[in-house]
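Let me begin by presenting the structure, written as structure tokens, before commenting on it.
No lab work stands behind these numbers, since they all come straight from the coordinates. In this text the structure is predicted, and so the values were computed from the model without any measurement.
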Amino acid sequence: MAQKSFLSFLVAMGIVVTLGDAYCFHKMNKPDEPKDGCMLHGRLYPFGLTERTEDCFSCRCNAVSMRCCSLFHTPVGYDRKNCKVVFNKETCNYDVVRKNDPSKECVVYSSIG
């Protein structure tokens, strides 16, 4: 009985993780900001689509606002006792590696974002 409940839980979590959207935020342009793009973290981004920012977001800028969504997923299901999470700016993703040997990857069961 416990195995069926656990299996049902895993299937449900798999569906939730699959349907989850990337982490997104919306920033309204301020009247005192430049009129030829959107300011984010002290940097001016042109109108239109920026496929990848320095912080690993995909952003769309227009005259009114900027909307950005993450290009990465945050691992939440992994062996926290033996593994650690390290952000990789090259791939815009988190690597989950062994604490005692970072050259070895750990299994990730679920992610959000």
task: Could you tally up the Lys pairs in the range 14-113 with alpha carbons closer than 17 Å? Skip any pair fewer than 8 positions apart unless they're on separate chains.
output: 5
message: For the range 21-70, what are Rg and Dmax over the alpha carbons, in angstrom?
response: 10.0, 32
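Under 37 °C and 0.692 mPa s, how fast does the range 25-101 diffuse according to Stokes-Einstein, given a Kirkwood radius computed over C-alpha pairs? Answer in µm²/s, whole number. Please list the in-between numbers first.
Values: Rh = 14.3 Å.
In µm²/s, the coefficient rounds to 230.
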statement: Karplus ³J(HN,Hα) for the range 76-89 (6.51 cos²θ - 1.76 cosθ + 1.60, θ = phi - 60°; Hz, whole; x = Gly/Pro) runs 10, x, 7, 6, 5, 6, 10, 10, 9, 9, 10, 7, 10, 5
